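What follows is a single structure, written as structure tokens, with notes after it.
The values are calculated or read from the model by the stated rules, or taken from the named source; none is laboratory data. Here the structure is a predicted model, which means the values were calculated and not measured. Using ideal geometry, Cβ is built from the backbone for each residue, glycine included, and neighbour counts are taken over all protein chains shown.
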Amino acid sequence: MTTATTGHLPVTGVVGTAHTRIEGLAKVTGAARYAGEIPFAELAHGWLVLSTIARGRIRSVESAPVRAMPGVLTVLHHGNAPRVDGDYQGLLGRPDPIVEVFQHDQVPFVGWPVALVVAETSEQAREAAEALVVHYDEEPHDVAFSAGRPGTYLPDAASMRTEKGALETELAASAHVVDAEYTTPEEHHCAMEPHAAMARWDSGRLEVVDSNQGSTWVADELAKLFSLDPASVRVRSEHVGGAFGSKGVRVHQILAVMAATVLHRPVRVVLTRRQTFSLVGYRSPTAQRVRLGADADGRLRALDHQAQNLTSTVHEFVEQSAGFARPLYDADAHHTVNRVVRLDVPTPTFVRAPGEAPGSFALESALDELAEKCDMDPIALRARNEPEVGPVSGLPFASRNLLACFEEGARRFGWADRDPRPGLRREGRWLIGTGTAAATFPVLVGPATAAVTAEADGTFTVRITAADVGTGARTALTLIAADALEVAPERVHVRIADSDFGPAMIAGGSMGTRSWAWAVTVAVRDLREQLALGGDIPPQGITARSDTSQAIGELTQKERHSFGAQFAEVAVDVTSGEIRVRRMLGIFATGRIINPLTARSQFIGGMTWGLSMALHEEAIRDQASGGHVGADFASYHFAANADVPLIEADWVDDPDEDDPVGIKGIGEIGIVGAAAAIANAVWHATGVRHRHLPIRPDRVLTADGGADRTG
Ligand code: MOS
């Protein structure tokens, strides 16, 4: 056996054992610096001014009085900003035209960037920004989202619609039919750490210190926007305080680069909490109609999932909620469609489990309604409808352990003792109920490069442009590299989040760790072959590099998914409208688990968000102004510690056989199905079906759950 451990015994088996975060001590002691707080000599501070109208044009920016205020260095706006070119293909296709910031006078929504005031201190920039007078020519706006409203259209992309079989025929032939409408509100993925970026020019190179989900992603698009040689742009993002889909190419990086270019000094732009509500994307509200038709024994004859959501007038982003059923349930007639309407609002974006989170609320609620009509246990109904192959694709499943999750979950939750009848269990003022729902999320992988160096001192250095957005990815990669090298993790140093390390997949789509681990594993394999040749390690070490583009391109086409079973118990006081979630249990089949400690945190974090989605979160848009009512953490209500009960998350054995490490990805599936499990538990407690989120106290009080078209 060859090992990389000349002079040491081989050590393996740290993957799958619990490890606290490598940077944990630095984070809790404040030693870990975030993009908004790293000191730089000569640093100037930019403060954004956002539009107060929802549609129209900027007539003038009265910058002269503000430029005379203390410390003010410049005021950038559409009349004087450096030119950029947003006509490019980025990681996600054509970018949202908001990247062409300050390039024209049009305002497409409240909160559109209008000016950047740059000053010696952040406080001076803020004072001047708040004093800046902007005149607008206002036009009528429309921000009213509702089901089936005028302007709703079917987007071009093939993924928007799937159709198999004759829907109306199968519905007519069904013994039981559910036909119901579900809605979810606008939801925001404000991270604990707001977006921040410092930009400076250093010896002809542009350097950006950022908080993002992918430093080569941001570097690549900044190079394209500013027509720079990609090699002359370096982006780093060492520590990130949450991202959830919001931390891509956003205006803070672009404006910091513009200001640094104009002023010839480092400039930092930090978004305020309020600004993140309009500048970094959000989850579209959805209106979903689900029709299910089943035989008397629960077998699905018809499944129709129609989803509608919104996007901005400047860019099309579609929350594909109706995709959720495609891998999950088969039916003789199986139709799914995603529609969208353009309104005078910011462009929504990817938010943890985009599509699956709202889609699972609608479909998994409808399954529960069907179970009631069929007089079947909800888990038995799902087992009855397990497909052999992909219901839409016809492809085989790489692995499918949904029922294993339900079996283990039912056992641990105590499901077997459940009386299915609603509204029967009372403890004092509380009505008690339990509910369940299925979860699934695609298993994806992206190309990555990595470098692994055997150092002369016996340690190993891994370099990869991974992003640890708080997930524990840095620690997971250390364990993976240590096992591959057969050394103790203490001898492995993983350096991440520096675009100079080369291209790598972003922390997105639950595929970050899988994609990076693949590249690290391949580089280690090569390094060990080099080391096996023997000889001394020179002072600069021996480095092996990998690029997984070809390997992942050769993966065979299969249905690749994670699965999960969500369980919840709630207590409902129908006289006050209060709902208390008493416990939640999630059992997941999501590939090999690298670090059980941080994996459990990921699942519990997602489930907590599902609780928050079920009961609390809802951004309200004022029709008159077109802006938010209360874009802050005081008004945007989300679950706090007192709302969150005992949440348990665990997993079944489910290694991915095509992945070198067995990983599937765990970042997003925790939220999927969680809100449906809670809504189903509320029905079980009260007998009232709630089809609109969040299930607010007023909705409980008025038993206003929404219409079932089948009565
Ligand atoms: Mo995540 S919503 O794929 O960044």
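Which residues, taken from the stretch 497-528, are within 16 Å of the ligand (Cβ to nearest atom) and outside any helix (DSSP H, G or I)?
497, 504, 505, 506, 507, 508, 509, 510, 511
Quick one: would you say residue 652 is surrounded by fewer than 22 Cβ atoms within 10 Å (Cβ to Cβ), at pLDDT 95 or above, over 22 Å from the mean Cα position of the chain (by Cα) and of a type in the set (A, V, I, L, M, F, W, C)?
Yes, satisfied.
Here is a check on your reading of the model: is residue 325 more than 14 Å from the ligand (Cβ to nearest atom) and among the small types (Gly, Ala, Ser)?
Yes: the conditions hold for residue 325.
Since residue 165 meets every condition but one in (1) crowded, with 16+ Cβ neighbours inside 10 Å; (2) on the phi > 0 side of the Ramachandran plot, which condition does it not meet?
Single failed check for residue 165: (1).
Looking at the stretch 679-711 only, could you name the residues that are over 20 Å from residue 425 (Cβ atoms), modelled with pLDDT of 95 or more and not in a helix (DSSP H, G or I)?
Answer for the stretch 679-711, where residues must be over 20 Å from residue 425 (Cβ atoms), modelled with pLDDT of 95 or more and not in a helix (DSSP H, G or I): 691, 692, 693, 694, 696.
Looking at residue 486 and the list (1) surrounded by 16 or more Cβ atoms within 10 Å (Cβ to Cβ); (2) within 30 Å of residue 354 (Cα to Cα); (3) away from the ligand (no atom under 16 Å from the Cβ), which single condition is not satisfied?
Failing condition for residue 486: (2).
Go over the candidates 243, 223, 260, 296 one by one and state the one that is away from the ligand (no atom under 16 Å from the Cβ) and crowded, with 24+ Cβ neighbours inside 10 Å.
260
Please work out which residue is nearest to the chain's Cα centre (by Cα), limiting yourself to the stretch 529-542 and to residues that are assigned to a loop (DSSP other than H, G, I, E, B) and either within 16 Å of the ligand (Cβ to nearest atom) or at negative phi (or both).
Once the filter is applied, the top-ranked residue is 540.
Would you be able to tell me the number of residues in the stretch 551-577 that are in a strand (DSSP E or B) and β-branched (Val, Ile, Thr)?
2
Working only within the stretch 138-147, note down all residues that are in contact with a strand residue (DSSP E or B) (Cβ under 7 Å, 6 or more places away or on another chain) and over 14 Å from residue 621 (Cβ atoms).
Answer for the stretch 138-147, where residues must be in contact with a strand residue (DSSP E or B) (Cβ under 7 Å, 6 or more places away or on another chain) and over 14 Å from residue 621 (Cβ atoms): 138, 139, 147.
Find all pairs meeting these conditions: Cβ atoms under 7 angstrom apart; at least six residues apart or on different chains; first residue within the stretch 489-515 and at positive phi; second residue in a strand (DSSP E or B) and within 13 Å of the ligand (Cβ to nearest atom).
Final answer for the pair search is 510/441.
Is at least one residue of the stretch 669-678 part of a loop (DSSP other than H, G, I, E, B) and either away from the ligand (no atom under 16 Å from the Cβ) or under 25 Å from residue 363 (Cα atoms) (or both)? Steps first, please.
As a first pass, look at the stretch 669-678 and keep what is part of a loop (DSSP other than H, G, I, E, B): 672-673.
Then keep just the ones that are either away from the ligand (no atom under 16 Å from the Cβ) or under 25 Å from residue 363 (Cα atoms) (or both); that gives 672-673.
Yes - at least one qualifying residue is present in the stretch 669-678.
So, residue 646, is that one surrounded by 14 or more Cβ atoms within 10 Å (Cβ to Cβ) and out of contact with any His (no Cβ under 6 Å at 6 or more places or on another chain) or not?
Taking the combined requirement at face value, the residue does not satisfy it.
Among the listed residues 455, 427, identify the single one that is of a type in the set (Asp, Glu), over 25 Å from residue 238 (Cα atoms) and in contact (Cβ under 8 Å) with a residue 24 or more places away in the chain.
427
Would you mind telling me which numbered condition in (1) surrounded by fewer than 18 Cβ atoms within 10 Å (Cβ to Cβ); (2) farther than 29 Å from residue 112 by Cα residue 65 fails?
Only one criterion is unmet by residue 65, namely (2).
Inspect the stretch 171-184 for any residue being outside any strand (DSSP E or B) and surrounded by 22 or more Cβ atoms within 10 Å (Cβ to Cβ) and give the result as yes or no.
Yes, because at least one residue in the stretch 171-184 is outside any strand (DSSP E or B) and surrounded by 22 or more Cβ atoms within 10 Å (Cβ to Cβ).
For residue 319, all conditions in the list (1) assigned to a loop (DSSP other than H, G, I, E, B); (2) surrounded by fewer than 24 Cβ atoms within 10 Å (Cβ to Cβ); (3) not basic (Lys, Arg) hold save one; what is the number of the exception?
The single condition residue 319 does not satisfy is (2).
Consider only pairs whose beta carbons are under 7 Å apart and that are at least six residues apart or on different chains; among these, list those whose first residue lies in the stretch 358-370 and is within 15 Å of residue 383 (Cα to Cα) and whose second residue is assigned to a helix (DSSP H, G or I).
Partner pairs satisfying both residue conditions: 364/676; 367/378; 367/381; 367/382; 368/378; 368/680; 368/683; 370/381.
Among residues belonging to the stretch 349-380 that are small (Gly, Ala, Ser) and under 29 Å from residue 247 (Cβ atoms), point out the one that is nearest to the ligand (Cβ to nearest atom).
353
Going through 234, 273 one at a time, which residue ends up being more than 16 Å from the ligand (Cβ to nearest atom), under 16 Å from residue 192 (Cβ atoms), touching a residue at least 12 places away in the same chain (Cβ under 8 Å) and among the charged types (D, E, K, R)?
Just one listed residue meets the conditions, 273.
Does residue 127 qualify as being surrounded by 16 or more Cβ atoms within 10 Å (Cβ to Cβ), part of a helix (DSSP H, G or I), without any contact (Cβ under 8 Å) to a residue 60 or more places away in the chain and touching a strand residue (DSSP E or B) at 6+ places or on another chain (Cβ under 9 Å)? Working first, answer last.
Details: surrounded by 16 or more Cβ atoms within 10 Å (Cβ to Cβ): yes; part of a helix (DSSP H, G or I): yes; without any contact (Cβ under 8 Å) to a residue 60 or more places away in the chain: yes; touching a strand residue (DSSP E or B) at 6+ places or on another chain (Cβ under 9 Å): yes.
Yes.
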